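The values are calculated or read from the model by the stated rules, or taken from the named source; none is laboratory data. In this text, all values refer to a predicted model and were calculated from it rather than measured experimentally. Note that we place each Cβ from the backbone using ideal geometry, even for glycine, and neighbour counts take in every protein chain shown.
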Amino acid sequence: MTVVAAPTLHLPDEPAARARGWLTKVLEGQNLADVLSGEDGVVEWLWARWSVLQQAGVTRAEFEGIVLGYRREIWLWLAGERVWTQCCGGLIGRVDRRIGQVTTPGS
């Protein structure tokens with residue numbers, strides 16, 4: 001087993017318009033986890049911006065698990081209790097810590 005080196009993730013610009021849409025979906029009764037991982041959700045949005053994760057051997061499913069594990073903080077951002085830099089910066093730290101735990105077969 002080879003441990004995957006953590007890639008460097010950048011802080012993307014805040015998706016303010018999308019955030020309003022995600023918040024509306026939750027307030028209308030959709031499950032937060034479904035909104036985050038669903039089509040056009042937070043997972044998909046970030047996955048498209050952090051392609052270095054896939055290049056480092058992280059699967060979308062692994063990334064989704066990391067994001068869903070951080071959903072409370074994402075909810076606080078959507079609800080206006082956290083600013084984007086706090087929320088996303090914390091998620092970047094969480095991804096960095098978890099990526100070291102992702103292993104790939106071989107070498």
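Mind checking whether some residue in the stretch 63-70 is free of Cβ contacts under 8 Å to residues at least 24 places away in the same chain and closer than 18 Å to Thr8 by Cβ? Checked against the condition, which is being free of Cβ contacts under 8 Å to residues at least 24 places away in the same chain and closer than 18 Å to Thr8 by Cβ, the stretch 63-70 yields no hits at all.
Restricting attention to the stretch 53-100, the residues that are of a type in the set (D, E, K, R) and in contact with a Ser or Thr (Cβ under 6 Å, 6 or more places away or on another chain) total 1.
In the stretch 11-52, the qualifying residues are those that are surrounded by fewer than 10 Cβ atoms within 10 Å (Cβ to Cβ) and at pLDDT 95 or above, and the one that is nearest to Glu73 (Cα to Cα) is Ala16.
Annotation: Thr59 fulfils all but one of (1) among the β-branched types (Val, Ile, Thr); (2) within 13 Å of the chain's Cα centre (by Cα); (3) surrounded by 13 or more Cβ atoms within 10 Å (Cβ to Cβ); the unmet one is (3). All conditions in (1) modelled with pLDDT under 95; (2) under 13 Å from the mean Cα position of the chain (by Cα); (3) β-branched (Val, Ile, Thr) hold for Val4, with the sole exception of (2).
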